[in-house]
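Single-structure report; data block below.
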Amino acid sequence: MDKIVEVEAVTKLYRNRRGIRDVTLNVRQGDVYGLFGPNGAGKTTLMKTMVGLSRADKGTIKLFGHDVTTHYEQAMARVGVLIETAEAYEYMSGRKNLELAARMYPELPAKRVDEVLELVGLTAVQHERAGKYSLGMKQRLGLAAAMISKPELLILDEPTNGLDIEGTVQIRELVKRLAREERTTFLISSHLIREMELMCNRIGIVHDGRMIREGVCRELLEGRFASLEELYMHEVEQDRRAMAHA
Ligand SMILES: Nc1ncnc2c1ncn2[C@@H]1O[C@H](COP(=O)(O)OP(=O)(O)OP(=O)(O)O)[C@@H](O)[C@H]1O
């Protein structure tokens with residue numbers, strides 16, 4: 001299947017009328033898709049709606065061809081999710097946390113826990129209490145838990161939020177490695193455009209709850225913009241003008 005994520009004209013508004021409006025996006029197999037936008041643009045709302053944590057007011061969302069609203073289990077069967085800060089049982093070791101996550105998938109080989117620990121670089125500290133982990137280590141533990149079932153699609157909300165440079169680089173390298181070696185498809189949100197530029201092949205720009213531009217990074221730049229930052233500033237300016245005239 002080519003299109004793994006199909007979001008079609010989705011609106012989700014909170015009582016205060018904030019949220020997302022009429023968002024359409026497609027993620028294809030093998031993409032590292034970056035959902036970019038400043039704080040409050042609507043990235044988390046979109047991701048939560050996509051994985052059934054909140055319900056769309058309008059529009060359709062399909063994952064692997066299955067509608068999230070009507071066929072939730074089939075839609076989510078091959079999806080791993082890390083939305084907002086990773087939650088771990090702080091009094092348990094990192095390893096125990098992952099063993100607990102693995103119990104949801106009885107068919108997984110026992111060595112999968114070792115594999116994901118290795119992938120996220122937590123093998124050496126696996127027996128330490130998760131409560132003692134640094135923020136970066138907690139994020140990586142959350143990522144390991146999201147990856148435990150070998151999902152074909154990983155949806156990660158701000159995975160580098162609050163991380164220092166080293167932590168950020170580690171997550172980025174991990175994403176690239178999984179995309180390359182395990183053919184994992186990614187949908188990643190961030191408010192850091194440089195991060196997106198280094199990691200993603202496709203990008204969607206969310207502004208004020210709307211998708212204002214979507215496409216292959218290389219094609220979006222089209223020789224007109226030196227960086228995604230320039231493209232973003234241009235698109236936001238255009239959007240503001242269009243809205244002022246609407
Ligand atoms: N539960 C809620 N009730 C009311 N408004 C909300 C709720 N959650 C989010 N919002 C509002 O909806 C808008 C989009 O928020 P969202 O968290 O999706 O943005 P975001 O792009 O993920 O930003 P951030 O990076 O800060 O999380 C914001 O204006 C936010 O204040």
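The values are calculated or read from the model by the stated rules, or taken from the named source; none is laboratory data. Only a predicted model underlies this, so the values are computations on that prediction, with no experimental measurement involved. Using ideal geometry, Cβ is built from the backbone for each residue, glycine included, and neighbour counts are taken over all protein chains shown. Accessible surface is based on the protein model in full, side chains and every heavy atom, while ligands, DNA and RNA are left aside. Shrake-Rupley method; radii C 1.70, N 1.55, O 1.52, S 1.80 Å.
The rows are residues; the columns are (1) under 18 Å from GLN139 (Cβ atoms); (2) at pLDDT below 90; (3) open to solvent by less than 30 Å² (accessible area, probe 1.4 Å).
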{"site": "MET199", "(1), (2), (3)": "yes, no, yes"}
{"site": "MET211", "(1), (2), (3)": "no, no, no"}
{"site": "GLU222", "(1), (2), (3)": "no, yes, no"}
{"site": "ALA226", "(1), (2), (3)": "no, yes, no"}
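On the stretch given as the stretch 228-244, residues that are of a type in the set (A, V, I, L, M) and surrounded by fewer than 14 Cβ atoms within 10 Å (Cβ to Cβ) total 4. For the stretch 199-232, a residue qualifies if it is in contact with a Leu (Cβ under 7 Å, 6 or more places away or on another chain) and either aliphatic (A, V, I, L, M) or not assigned by TED's automatic domain parsing to the domain that holds ARG172 (or both), and the qualifying residues are ILE203, VAL206, MET211, LEU220, LEU221, LEU231.
Kindly evaluate GLU195 against the criterion of being modelled with pLDDT of 90 or more and assigned to a helix (DSSP H, G or I). The answer is no for GLU195. Only strands (runs of 3 or more DSSP E) whose full extent lies in the stretch 17-132 are considered here, and the ones with at least 1 residues that are in contact with a Gly (Cβ under 9 Å, 6 or more places away or on another chain), within 30 Å of ASP239 (Cα to Cα) and at pLDDT 95 or above are 19-28, 32-36, 58-63. Number of residues in the stretch 13-45 that are crowded, with 17+ Cβ neighbours inside 10 Å, under 16 Å from the mean Cα position of the chain (by Cα) and near the ligand (Cβ under 7 Å from one of its atoms) equals 6.
Across the stretch 131-149, which residue is farthest from the chain's Cα centre (by Cα) among those that are open to solvent by 50 Å² or more (accessible area, probe 1.4 Å) and free of Cβ contacts under 8 Å to residues at least 40 places away in the same chain? Outline the logic, then answer.
Of the stretch 131-149, the ones open to solvent by 50 Å² or more (accessible area, probe 1.4 Å) are 132, 134-135, 138.
Next, from what is left, pick out any that are free of Cβ contacts under 8 Å to residues at least 40 places away in the same chain: 132, 134-135.
Numbers: LYS132: 25, SER134: 21, LEU135: 18 Å.
The qualifying residue farthest from the chain's Cα centre (by Cα) is LYS132.
Suppose we filter the stretch 61-120 for residues that are hydroxyl-bearing (Ser, Thr, Tyr) and touching a residue at least 40 places away in the same chain (Cβ under 8 Å); how many remain? Residues in the stretch 61-120 being hydroxyl-bearing (Ser, Thr, Tyr) and touching a residue at least 40 places away in the same chain (Cβ under 8 Å): 4 in total. Do you know which residues across the stretch 156-186 are more than 13 Å from the ligand (Cβ to nearest atom), outside any helix (DSSP H, G or I) and at negative phi? Within the stretch 156-186, LEU163, ASP164, GLU182, THR184, THR185, PHE186 qualify.
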